[in-house]
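Asker: One structure, pasted below without further comment.
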Amino acid sequence: MPKVREFSPQNIEATRQKFEAAGISVPVFSFGAVMGDEKGAEAALKETFDYIDLCASFGSPCVRVLAGRWTWSPD
């Protein structure tokens with residue numbers, strides 16, 4: 001799961017209930033994963049599945065993966 005205490009496995013249900021009690025729905029979770037780097041591919045894939053599980057916990061139908069690094073060059 002994401003490295004936020006409220007989204008840890010032992011706290012996720014209480015966090016979801018707080019959102020629900022406040023009338024807040026979460027339609028999508030977004031995160032960045034560098035998919036194009038072979039060295040970090042396994043970790044990026046694990047993080048992707050962790051966010052899919054987080055979405056399922058909240059009943060969110062979408063996860064947005066901002067995959068890759070953006071490099072800008074004026075040339």
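The values are calculated or read from the model by the stated rules, or taken from the named source; none is laboratory data. Every value quoted in this text rests on a predicted model; they were computed, and no experiment measured them. With ideal geometry, Cβ positions are generated from the backbone for all residues, glycine too; neighbour counts draw on all protein chains shown.
Asker: Scan region 39-63 for residues that are surrounded by 16 or more Cβ atoms within 10 Å (Cβ to Cβ) and not in a helix (DSSP H, G or I) and jot them down.
Answerer: 60, 63
Asker: Same structure, new question: Kindly evaluate residue 30 against the criterion of being at pLDDT 85 or above and out of contact with any Leu (no Cβ under 8 Å at 6 or more places or on another chain). Step through it out loud before you land on a result.
Answerer: On the way: at pLDDT 85 or above: yes; out of contact with any Leu (no Cβ under 8 Å at 6 or more places or on another chain): no.
Against the criterion (at pLDDT 85 or above and out of contact with any Leu (no Cβ under 8 Å at 6 or more places or on another chain)), residue 30 does not qualify.
Asker: Only one of (1) assigned to a loop (DSSP other than H, G, I, E, B); (2) at pLDDT 85 or above; (3) touching a strand residue (DSSP E or B) at 6+ places or on another chain (Cβ under 7 Å) is not met by residue 35, so which one is it?
Answerer: (2)
Asker: Might you let me know whether region 15-30 holds any residue that is surrounded by 15 or more Cβ atoms within 10 Å (Cβ to Cβ), among the charged types (D, E, K, R) and part of a helix (DSSP H, G or I)?
Answerer: Yes, region 15-30 contains at least one residue that is surrounded by 15 or more Cβ atoms within 10 Å (Cβ to Cβ), among the charged types (D, E, K, R) and part of a helix (DSSP H, G or I).
Asker: Is there any pair with a first residue in region 57-75 that is among the basic types (Lys, Arg) and a second that is modelled with pLDDT of 70 or more whose Cβ atoms are under 6 Å apart and which are 6 or more apart or on different chains, and what are they?
Answerer: 64/28; 64/30; 69/34
Asker: I've got another one for you. Somewhere in region 3-14, is a residue part of a loop (DSSP other than H, G, I, E, B) and touching a Gly at 6+ places or on another chain (Cβ under 8 Å)?
Answerer: Taking region 3-14 and keeping what is part of a loop (DSSP other than H, G, I, E, B), we get 3-4, 8-11.
Still in the running and touching a Gly at 6+ places or on another chain (Cβ under 8 Å): none.
Checking region 3-14: not a single residue is part of a loop (DSSP other than H, G, I, E, B) and touching a Gly at 6+ places or on another chain (Cβ under 8 Å).
Asker: Given the conditions (1) farther than 18 Å from residue 61 by Cβ; (2) of a type outside the set (Lys, Arg); (3) loosely packed, with under 10 Cβ neighbours inside 10 Å, and given that residue 36 satisfies all but one, which numbered condition is not satisfied?
Answerer: Tallying (1) farther than 18 Å from residue 61 by Cβ; (2) of a type outside the set (Lys, Arg); (3) loosely packed, with under 10 Cβ neighbours inside 10 Å, residue 36 fails exactly one: (3).
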